[in-house]
Structure formats: structure tokens, C-alpha cells
Amino acid sequence: MLSEKLLKELNEQIKYEMYSSNLYLAMAAYCASEDLDGFANYFIVQAEEETFHAMKFFNYINEMDGRVNILGIEEPKNDYESVLEVFKVSLEHEKSVTARIYKLMDIAMEEKEHATISLLKWFVDEQVEEENSMKSVLKRLERIGEDSHGLYMLDQELAQRVFTPPVDTAN
């Protein structure tokens, strides 16, 4: 049985994952408006991943006989100066997600809630991947600078990204 404190924080995480999805859709919309369809695709896939993450928490709470509460989310930032700014904001956002996952893990460990610890280990690993993905594209954008050919090549590469849910979706 999940404690009231842990259940509250897990419900907050669903909200935050859905906010993340909306943030990435807003970033996709910005990129599409700049005719950077590959970058838009990158963020559409990112939004799909965040919705998947929210559903992992949703399903877990239900499996643990907890009560999911869907909470309202704030409007995400919609306007950016450049695709470079988009990736700087997205990296900072992923760092905030990591901090939230660590906070959840701290609570679960304090409460010796082993099933939640198991779930959160997946998210800890996922956040390493998420931050590295953002850092990688950001570094490449910084190297490209004002080179429109380099930007076009990266845009073409990011257009190939697809969302494939992990095979182990038990949680």
C-alpha cells in the first residue's frame, strides 16, 4: 500500500510528465513554424515518450490500489528565439525531471517501498538517456553555429527518430 505522501508525489509526477509532453509539443510547433520538420519530429517523439512515462506512473498507481488524480497543468513556453534555445530549455527541463525522479526515489527508499524503488530505477536510467540525448543535440547545434547546411543535415537526421515503447512495459 502506498503512503499518502508517496501517492501524492506520484500523482504530481503524472502531472509533470504530461506537462513535459505539452512542453515538447510546443517545441515541436515552434520548430515546424521554422520549417525544421526533423527537429519538430524529434520533439513529437519526445512528447510521445513523456505521455508513455505518465502512463507508467498511472498504471503503477492503479496496480498498487492507489487512486490516480489527474491534476491541471500550466501552459508551456511556446515562443523561442532559435532551435538552440529550444534545446537549452529542453536540457534544463530534463534536469528538473531528473531531480523530481530522485526526490521520488528518496521518499520510496525512506519508506522502504520496494516496488516503487523498482519502478523508479527504470526512470533513473531513462533520465540518464534523456539528458544525454538533449546534450548531444545541443553540442552539435553549438558546433554548427550559423552553418545552414549543418543545420539542414541535423534536421534530416532528427526526422528519422521514432518512438518505440520499451519491451518491458510491466510498470
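Between the helical axis of 83-110 and the longest alpha-carbon principal axis of the chain there is an angle of about 10 degrees.
Excluding ligands, DNA and RNA, the accessible surface per residue across segment 55-123 is 57 Å² with a 1.4 Å probe. Grouping the Cα pair distances of segment 86-159 into 5 Å bins from zero gives a pair-distance distribution of 3, 15, 20, 16, 13, 10, 8, 6, 5, 3, 1 percent in increasing distance order.
Diagonalising the gyration tensor over the Cα atoms of segment 67-127 and scaling each eigenvalue by 5 before taking the square root yields semi-axes of 29, 15, 8 Å, largest first. Bridgeable lysines around Lys5 (alpha carbons under 27 Å apart, same-chain partners fewer than 8 residues away excluded): Lys15, Lys56, Lys95, Lys103, Lys112, Lys121.
Considered as an equivalent ellipsoid built on the Cα gyration tensor, the chain has semi-axes of 33, 15, 14 Å, the largest given first. Based on the Cβ-Cβ distance from Phe52 to Glu110, what FRET efficiency comes out when R0 is 30 Å, to the nearest 0.05? Rounded to the nearest 0.05, the efficiency is 0.65. Cross-link partners for Lys88 among the lysines, with Cα-Cα distance under 18 Å and sequence neighbours closer than 8 places in the same chain left out: Lys77, Lys135, Lys139. Under 20 Å of direct C-alpha separation, and excluding same-chain neighbours fewer than eight residues apart, Lys8 reaches these aspartates and glutamates: Glu17, Glu50, Glu63, Asp65, Glu74, Asp106, Glu110, Glu111, Glu113. Stokes-Einstein diffusion of segment 26-121 at 4 °C, 1.567 mPa s viscosity, Kirkwood radius from Cα pairs, rounded to a whole number: 84 µm²/s. Charging the Cβ of each Asp and Glu at -1 and of each Lys and Arg at +1, and nothing else, the dipole of segment 60-160 about its Cα centre rounds to 200 debye.
When the accessible area of the chain is computed with all protein chains present and a 1.4 Å probe, what percentage of it is carbon and sulfur? Its accessible area is 52 percent carbon and sulfur atoms.
Relative to the longest principal axis of the Cα atoms of the chain, the long axis of helix 148-158 makes an angle of roughly 30 degrees. Computed from Cα positions, the angle between helix 37-63 and the longest principal axis of the chain comes to roughly 0 degrees. Dipole magnitude for segment 32-113: computed about the Cα centre from +1 point charges on Lys and Arg Cβ and -1 point charges on Asp and Glu Cβ, it is near 360 debye.
The values are calculated or read from the model by the stated rules, or taken from the named source; none is laboratory data. Because the structure is a prediction, the values reported are computed rather than measured. Positions of Cβ are generated from backbone atoms using ideal geometry, with glycine treated the same way; all protein chains shown enter the neighbour counts. Areas reflect the complete protein model, heavy atoms only, side chains present, ligands, DNA and RNA absent. Shrake-Rupley method; radii C 1.70, N 1.55, O 1.52, S 1.80 Å.
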